[in-house]
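Notes to accompany the following structure.
The values are calculated or read from the model by the stated rules, or taken from the named source; none is laboratory data. Here the structure is a predicted model, which means the values were calculated and not measured. So basically every Cβ, Gly included, is an ideal-geometry build from the backbone, and we count neighbours across all protein chains shown. Accessible surface is based on the protein model in full, side chains and every heavy atom, while ligands, DNA and RNA are left aside. Shrake-Rupley method; radii C 1.70, N 1.55, O 1.52, S 1.80 Å.
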Amino acid sequence: MNENSTWVLDLDGVIWLGDEAIPGSREAISILRDNGRGVLLVTNNSRPTVIEYLDKLSRFGIDVSTDELISSSIACASLIVPGERVYVIGGDGLKEAIRSSGGVIVEDHQADVVAVGWSKEFNYEMMSVALKAILDGARFLATNEDPTYPTPYGLVPGAGAIVRSIAYASSCEPTVAGKPHEPIAKLVRERVGPGSVMVGDRHSTDGVFAGNVGLPFYLVFSGVTKAADPNWKPSPARIGKDLLDLVRCELAL
Ligand SMILES: [Mg+2]
């Protein structure tokens with residue numbers, strides 16, 4: 001492996017589960033850095049702001065800089081043209097990213113873009129505004145299509161469940177920014193060199209994403225996946241109990 005390579009790491013199911021760190025994740029990142037590897041955290045969770053992400057990582061003893069993190073909100077906002085009016089269904093992370101990209105957030109259907117991520121406040125009224133905007137010609141963007149995401153208490157509905165309801169009502173398919181799709185793949189490709197790898201806990205997002213970026217996929221069993229499926233394409237290049245297990249195997253520790 002190239003010693004300047006980067007480990008691209010999913011967050012939910014690799015670094016943490018909900019509000020609990022996955023044991024060994026801090027040590028694994030420390031070992032990677034000590035051995036000259038870069039780290040790039042790539043998550044489909046659109047809700048937290050960049051500072052909230054960095055604070056949470058810091059609580060787990062993991063210090064990263066803003067340029068070591070790419071969320072599906074950042075990828076979604078990369079599709080916004082400055083000055084566009086954006087109706088947002090999502091949390092502070094998506095709103096922050098849209099504003100950073102020059103988008104103007106509006107509260108009604110008179111929008112150029114409808115951007116949809118994970119929202120605990122999502123309701124029928126918001127679905128109605130999104131539907132009217134899309135039928136009036138607004139572009140339909142989604143942060144991600146994950147049907148669920150893992151917590152220590154089991155799976156909860158993901159942004160994909162919200163996105164599907166709007167797609168169904170409007171008969172219009174969104175451009176999806178997050179893993180495994182091209183907008184976030186492009187951002188990752190711009191930051192990694194030869195010999196880099198992608199670590200994730202879900203084949204349908206992380207595994208397919210690794211293939212789309214052009215990286216080997218390393219699967220961990222610390223998140224949603226508890227067994228590998230031989231029919232997966234591409235199949236994982238490595239499988240480990242968790243990130244620390246993979247890092248120790250790779251670096252022969
Ligand atoms: Mg995950």
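Residue check: is GLU20 more than 16 Å from the ligand (Cβ to nearest atom), over 22 Å from VAL213 (Cα atoms) and not aliphatic (A, V, I, L, M)? No, not satisfied.
Residues of the range 50-85 that are β-branched (Val, Ile, Thr), open to solvent by less than 30 Å² (accessible area, probe 1.4 Å) and under 27 Å from SER30 (Cα atoms): ILE62, VAL64, ILE70. If you take the residues of the range 86-107 that are part of a strand (DSSP E or B) and open to solvent by less than 30 Å² (accessible area, probe 1.4 Å), which of them is farthest from GLY137 (Cα to Cα)? Checked the range 86-107; the qualifying residue farthest from GLY137 (Cα to Cα) is ILE89.
For the range 109-123, indicate whether the set of residues that are under 20 Å from TYR149 (Cβ atoms), touching an Asp or Glu at 6+ places or on another chain (Cβ under 8 Å) and either open to solvent by 10 Å² or more (accessible area, probe 1.4 Å) or assigned to a helix (DSSP H, G or I) (or both) is non-empty. No: zero hits. Just wondering, is there one or more residues in the range 208-220 that are under 12 Å from the mean Cα position of the chain (by Cα) and within 23 Å of ILE29 (Cα to Cα)? Yes, some residue in the range 208-220 is under 12 Å from the mean Cα position of the chain (by Cα) and within 23 Å of ILE29 (Cα to Cα). If you go through the range 227-253 and pick out every residue that is part of a loop (DSSP other than H, G, I, E, B) and of a type in the set (A, V, I, L, M, F, W, C), you end up with 7. When restricted to residues that are within 16 Å of the ligand (Cβ to nearest atom) and outside any strand (DSSP E or B), the range 30-55 contains 6. Residues being assigned to a loop (DSSP other than H, G, I, E, B), among the basic types (Lys, Arg) and open to solvent by less than 70 Å² (accessible area, probe 1.4 Å) are entirely absent from the range 213-226. For beta carbons closer than 6 Å, sequence separation of 6+ or different chains, a first residue in the range 228-253 that is touching a residue at least 24 places away in the same chain (Cβ under 8 Å) and under 19 Å from ASN212 (Cα atoms) and a second that is open to solvent by 50 Å² or more (accessible area, probe 1.4 Å) and assigned to a loop (DSSP other than H, G, I, E, B), the qualifying pairs are ALA237/PRO216.
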